[in-house]
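The values are calculated or read from the model by the stated rules, or taken from the named source; none is laboratory data. Since the model is a prediction, treat every value here as computed from it, not as a measurement. Cβ atoms come from the backbone with ideal geometry, glycine included; neighbour counts cover every protein chain shown. Areas reflect the complete protein model, heavy atoms only, side chains present, ligands, DNA and RNA absent. Shrake-Rupley method; radii C 1.70, N 1.55, O 1.52, S 1.80 Å.
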Amino acid sequence: MDLRSSILKAIGSRLVDMSTITQTIANIKPQVWLGHVLQEECNKYVSVLVKRLSSLWRSLDTSVDCELFSSVAKQIIWTQVVQNTFEALVDGIALVKQCSTAGRALMSMDLHVLQFSLDKIHIAKPTRGVSYVDSYIKAWYFENKDLETWITQNEHNYSQHHLDALRKSK
């Protein structure tokens, strides 16, 4: 990776307030995650996040400095923004202490609505994208033995904090 690409990724990382996304998910009332009825709509934080990211993309896309904000540079920045958003989702989900099956389904709905909305803004294919979050959500469904197998297979993909949260959920 060249220096320019690294700088653009750093810019993209700074444009996402990961701690706010994480805390927003963590601050959702436990009853939402513990419900037993499948929800028909995603959580409100998703639409707020989509509005912020849409505004960010518009700012990037309308930038007139052709050298700094070439289409390649915009794509690198946007991809990093999307990746950091998905990483923040995993961070937030890991802070949810208890969750029902319906709560996990709601997390999946949040994720897929977010992905669909981001694709409508501008498509990005980050390394840690929707499949990264989806795999983590699905891991919560595993029984202890299968969960430990999943953790072993994914110990280099997720932080220790994420893996410990899965263990504690059982």
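Things to note:
- Region 145-170 - residue that is of a type in the set (Ser, Thr, Tyr) and within 27 Å of GLN75 (Cβ to Cβ) and, of those, most open to solvent (accessible area, probe 1.4 Å): SER159
- Output for region 5-40, where each listed residue is charged (D, E, K, R) and either in contact with a Gly (Cβ under 7 Å, 6 or more places away or on another chain) or under 14 Å from GLY103 (Cβ atoms) (or both): LYS29
- Being more than 15 Å from the chain's Cα centre (by Cα), β-branched (Val, Ile, Thr), open to solvent by less than 50 Å² (accessible area, probe 1.4 Å) and closer than 25 Å to SER169 by Cα holds for only one residue in ILE76, ILE28, and it is ILE28.
- Scope region 43-61; condition open to solvent by less than 40 Å² (accessible area, probe 1.4 Å) and within 13 Å of LEU118 (Cβ to Cβ); matching residues: VAL46, LEU49, VAL50, LEU53, SER54, LEU56, TRP57
- Residues satisfying the stated conditions in region 121-144, i.e. modelled with pLDDT of 95 or more, open to solvent by 90 Å² or more (accessible area, probe 1.4 Å) and assigned to a helix (DSSP H, G or I): LYS138
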